[in-house]
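The values are calculated or read from the model by the stated rules, or taken from the named source; none is laboratory data. All values derive from a computational prediction rather than experimental measurement. Because the Cβ atoms are built from the backbone with ideal geometry, glycine has one as well, and the counts that use them run over all protein chains shown. Quick note on the areas: whole protein, heavy atoms, side chains included, nothing else; ligands and nucleic acids left out. Shrake-Rupley method; radii C 1.70, N 1.55, O 1.52, S 1.80 Å.
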Amino acid sequence: MLNPAWTIVTVAVGGISWALLRRRRSGWAWVTATLFVGACLLGAADLEREGAAIPPRWILLDTSDSCAGARSQWRRWAERALADLPPDGRAGLILVGARPRVAIPLTDPETLRAGLRAALAHPPEGDASALGAALTLASRSGPGADVLLVSDGRPSDDLEAGAQAVRAAGGRVFAFAPDLAPPRGAWVADLAGPARVPRGSPAALRLSLGAWERTSCRLELGPRDGPVWRRWELTVGPEPTLIEASTPPLEGPLEVEARLTVNGPDAPTDNRRRLRIGIEGQPQALVVGASLALPGCDAQSVSPDALPAALDEHPWELIALHDLEARRLAPAVPALRRAVERGAALIVLGAGRAFGQGGYAESALEGLLPVTSGPGTERGDPLSAAFVVDASGSMLQGGRFAAAVEAFPWSALRPDDALLPLAFADAPQTLGAWTTAHAAAAEALRAHAQGAAGGGTDVGAALLAGLEQLAPRAGQRALVLVTDSLDPDPERHVVALRAQALDPASWSVLLVRIGAEDDRALRRLAEALGPAARVLAVETADAALREALAGELAAGRASLRRGEFALRPTPEGAAAGLSAAIVRAYAATRARPSARVLARAVDPELDDPPLVATWSVGSGTVGALPLRGPDAGRALAPLLGGLLPASQGLDLVARRRGPELRVTVRGARPPQAELVLDSADAPSRRWLLPPGEHELTLTAPDVACELRVEAGGTPLAQAVVPAPGEVARAQADPRRLAGLAARHGGRLVAALPTELPPREDAAPHSLAGVWAALALAALLLEVGGGVRLTRRALRQLPGVELLDD
């Protein structure tokens, strides 16, 4: 785009300069005039240095109980926080109470405004304010985005750590502290207790209750979703109320819940706080993905989406990732690395959707593993797949036939894969010929559903018909049969199925049972076919069925080996308790040079790849078992004791009593372990811990403190001790938010709407000033160095007369 002012200067001065040059032969004049006119031309073009686009923005809205009184203003605050964004900007909304949640992912401002009403209709539980976790979530969900935190500044977790995560991801933290009236009611500010106790022993608990004014309440203590152990009627506030209690003797892991109910007709929602207590000798394990037996462990399951928050909330000793794709685990990799470096054991298992099949190659997750994975899309030969669907009355009438057809992962087929659709009721029926036109096969199944009359269910006959069609095909062969009914007489087909003699290396048969009924008939048919066949039970024909079928269609790929392979322990693996076994499938991997290989597959085609491998990351251990369900569980069981950290069972409990801290340390720990006390206004203090249970009484400052048990600089256990009276703050804390924002690139916003300042490298910079300076320098050079030559040239112009000075 032309700059008008520079254009005028260029035309006028440039024309005069070149006119003069025609009458001069001075090299100096040629140089200076060329510089001058060239600078004018560049200035006229008004070139700009390219900069980044306006950074995306997360609006982090505190919806905890302390902000609930302003619920009618939440939407207005969010809309005003978008006021300075251009239409092509990007913004997202995170709601935070006891847990953070991405309510609206990063999108354009207009889309976010349209979705605000629905997003704010169901805020997260408000009995806490996990602002630190919300900032961390923002840093992971949109690296490089700025964060505008709308809150009263009373976090229930580590706010500084979350802000550091935003800054490390390239963003800045801004804050707006609205002037809110103190909320009604009361709440459980803290529920503290031991991480584990001996079996048969009670657990001592300590509760902190807060309220803005004197409030009549009922406090109940008991197991989550269980009977109440104790009940108190009490008045809380404005000073903190501390209550000590204990559980009954515990025989197993338990999640304790404290529930505070405010008495009165206009009472706010019940307030809850929960604490998980384990049993000594039972490591606390987190399982993500498919179910997995961990003998002797106190195991809890979470979804992949909840994994980052679960890792930040609790110091798990064992984390098992079972048959999950790398893309689903990518947001949790930084938290996984931190947990392992602190001493946790991480085990990655699976073969159907893990390692090469799960896209681990060159992923962030693979960087943690002692093995590398090849790409999971390689397959030597085209696949021939028979899709056999039950068209009996129950499948047609309940809509399961159509759902099964839609759940089939058509996109997982490669262009040269051939497909044969079949349907069956009382007898099997082929719905066309082998085809690579996969859409035509799907349409044939849909058309059959329109005219089918239903009937009985002869699964064995349909299975034999599909195998007969597959037998002449070359390369990898797969049969997928979906039904919701029992075969009334599977035994009549057993002899014929045994005669098939399928080679697991080139055959794959999956019998899918929809519904929760008995599947013994399918299992009998699968047993007759041998190791090439297996049974899968799903509740409904939905995404779970689609994922299972996609894994089955990938069975012939080079990264997944199927058949009967011997698991051969290495001498180190045998010493750890591993024994020889037969496995039916594994994902091909390669051990890193520093990995400890504990077992290998006897597979000459792939030079005996590793089946069990571990290595150390920080103070923890990472293990890779590229095996399917039962095989993985059997291989893992004898290794659990050696994989767990040396601090297993370590318990750190701290209670503040006025200026004193009473600290109890229980459990096994390595030699030279130390207790460390840190606070913001004092240097660290350390005490060497002798073996066994140990109790200390310390003098603590009147601020929030952190206690850690360390060995060689590695934290083994930690606890946060709040400042005295911290739960009794009754007003917003803008000073905390202002300091936080200033430390992390932003500032405290006085009011909304506001314009957040662009980053220094965010706006494009005009270079017109640079060219103006160059042009001026050239002109001065011409004037200073070539005045005499210029005067001589001017005298030669017709009608020009120069006067002497």
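So the values come out like this:
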{"read-out": "Potential lengthening between H314 and V302 on full extension [0.36 nm per residue; Cα-Cα distance subtracted]", "value": "3.0 nm"}
{"read-out": "Net lengthening on full extension, A581/V703 (0.36 nm per residue, minus Cα-Cα)", "value": "38.2 nm"}
{"read-out": "Pairwise FRET efficiency - S411 versus A114, Cβ, R0 = 45 Å, nearest 0.05", "value": "0.90"}
{"read-out": "Estimated distance in nm for a label pair at D179 and A637, the labels positioned 7 Å out from Cα along Cα-to-Cβ", "value": "6.7 nm"}
{"read-out": "The range 55-202, accessible area per residue, ligands and nucleic acids excluded (1.4 Å, Å²)", "value": "37 Å²"}
{"read-out": "Total formal charge among the other residues, if their Cβ is under 15 angstrom from that of R117, Lys/Arg +1 and Asp/Glu -1", "value": "+2"}
{"read-out": "Label-point separation, E160 to A447 (7 Å along Cα→Cβ), nm", "value": "7.1 nm"}
{"read-out": "Accessible area per residue in Å² at 1.4 Å probe, computed on the range 660-702", "value": "59 Å²"}
{"read-out": "The range 444-552, accessible area per residue, ligands and nucleic acids excluded (1.4 Å, Å²)", "value": "41 Å²"}
{"read-out": "Percent accessible area from carbon and sulfur atoms, the range 370-449, protein chains only, probe 1.4 Å", "value": "55 percent"}
{"read-out": "Total charge dipole magnitude, the range 587-647, about the Cα centre, Cβ charges on Lys, Arg, Asp, Glu only, Debye to nearest 20", "value": "220 debye"}
{"read-out": "Listed residue (G144, L221, T241) projecting farthest to the positive dipole end of the range 115-242, Cβ model", "value": "L221"}
{"read-out": "Calculated FRET value between E251 and A364, using beta carbons and R₀ = 35 Å, to 0.05", "value": "0.30"}
{"read-out": "Apportionment of accessible area to carbon and sulfur, the range 105-192, percent (1.4 Å)", "value": "52 percent"}
{"read-out": "With all protein chains modelled, accessible area of C297 [1.4 Å, Å²]", "value": "20 Å²"}
{"read-out": "Surface share of carbon and sulfur [accessible, 1.4 angstrom probe, percent] for the range 552-633", "value": "52 percent"}
{"read-out": "FRET efficiency, A682 to E125 (Cβ-Cβ, R0 22 Å, nearest 0.05)", "value": "0.05"}
{"read-out": "Anisotropy class of the range 147-258 from Cα gyration tensor, a/c 1.5 cut", "value": "oblate"}
{"read-out": "Segment D607-R657, extension gain: residue separation times 0.36 nm, minus the distance between their alpha carbons", "value": "11.6 nm"}
{"read-out": "Simple label model, 7 Å out from Cα along Cβ direction - Q73 to A543, nm", "value": "3.7 nm"}
{"read-out": "Overall form of the range 313-368 per C-alpha gyration tensor (a/c, 1.5; a/b vs b/c)", "value": "prolate"}
